[in-house]
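Student: Pasting a structure below so you can have a look.
FYI, it's all coordinate maths here, none of it is from the lab. Keep in mind the model is a prediction, meaning the values are calculated, not measured. For neighbour counting, all protein chains shown are included, and Cβ atoms are generated from backbone atoms with ideal geometry for every residue, glycine included.
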Amino acid sequence: MFSLEDERRRKINLGGVSVTASQASILERVHAQRVARAENKKRTDSAIRIQAWYRGMREARAVRRELKKLFMYDALSLTALRCLVLIGKDDEVLSTWASSGLANGNCLSRRLITAPLICLCSSGKVFALASGHQKPHWRVLVPKASLLLLQSTAVRPL
């Protein structure tokens with residue numbers, strides 16, 4: 001006869017081989033998993049840092065391009081002087097600032113390192129901003145721009 005009691009019993013398969021893991025093998029496996037997770041986290045963090053650095057450099061280049069456009073609009077304004085200081089070591093911008101401030105183009109003597117700066121300051125155009133409400137800004141910006149000009153001239157004196 002057919003009984004329902006047999007269906008309620010669990011069927012146990014005794015044909016397979018059971019391996020009991022030792023404590024040492026469990027610890028070794030857990031350690032290997034921990035090391036793998038740490039390496040994966042390190043790789044991910046490194047990739048994030050590289051991506052952030054690249055995005056920052058790309059954004060800095062874009063900002064410098066915008067500052068350069070703003071500078072080229074009027075090279076002797078206070079805004080242009082701010083842009084010059086923020087752009088930093090860019091020979092094209094520095095030479096534009098120096099040449100636009102010169103009274104005549106023959107003042108740029110390549111024999112003296114400080115000649116562009118001396119001629120620029122003696123032309124008087126740089127000092128036009130040194131009056132009124134712009135004076136405090138000018139006092140901060142002109143020495144920084146002059147230092148950039150001197151450094152650029154010192155690197156490439158001829």
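Student: How big is the gap, in Å, between the Cα center of segment 140-155 and the Cα center of segment 84-98?
Tutor: 9 Å
Student: Computed on alpha carbon atoms, what radius of gyration and Dmax characterise segment 22-72, expressed in Å?
Tutor: In order Rg, Dmax, the Cα atoms of segment 22-72 give 22.1, 75 Å.
Student: Picking from GLN33, ALA47, MET57, whose Cα lies most toward the positive end of the charge dipole for segment 22-72 (charges on Cβ: Lys, Arg +1; Asp, Glu -1)?
Tutor: Toward the positive end, the furthest listed residue is MET57.
Student: In nm, what is the difference between 0.36 nm times the number of residues separating SER25 and ARG139 and their Cα-Cα distance?
Tutor: Gain on extension, SER25 to ARG139, equals 33.8 nm.
Student: For ARG34 and ARG10, what does the FRET efficiency come to when R0 = 41 Å and r is the distance between their Cβ atoms, rounded to the nearest 0.05?
Tutor: After rounding, the FRET efficiency stands at 0.70.
Student: Would you list which lysines come within 20 Å of LYS135, measuring only between C-alpha atoms, while excluding same-chain residues fewer than 8 positions from it?
Tutor: LYS135 reaches LYS125, LYS144.
Student: Evaluate E = 1/(1 + (r/R0)^6) for GLN51 and LEU86, where r is the Cβ-Cβ distance and R0 equals 25 Å; express this FRET efficiency to the nearest 0.05.
Tutor: Once rounded, the FRET efficiency stands at 0.50.
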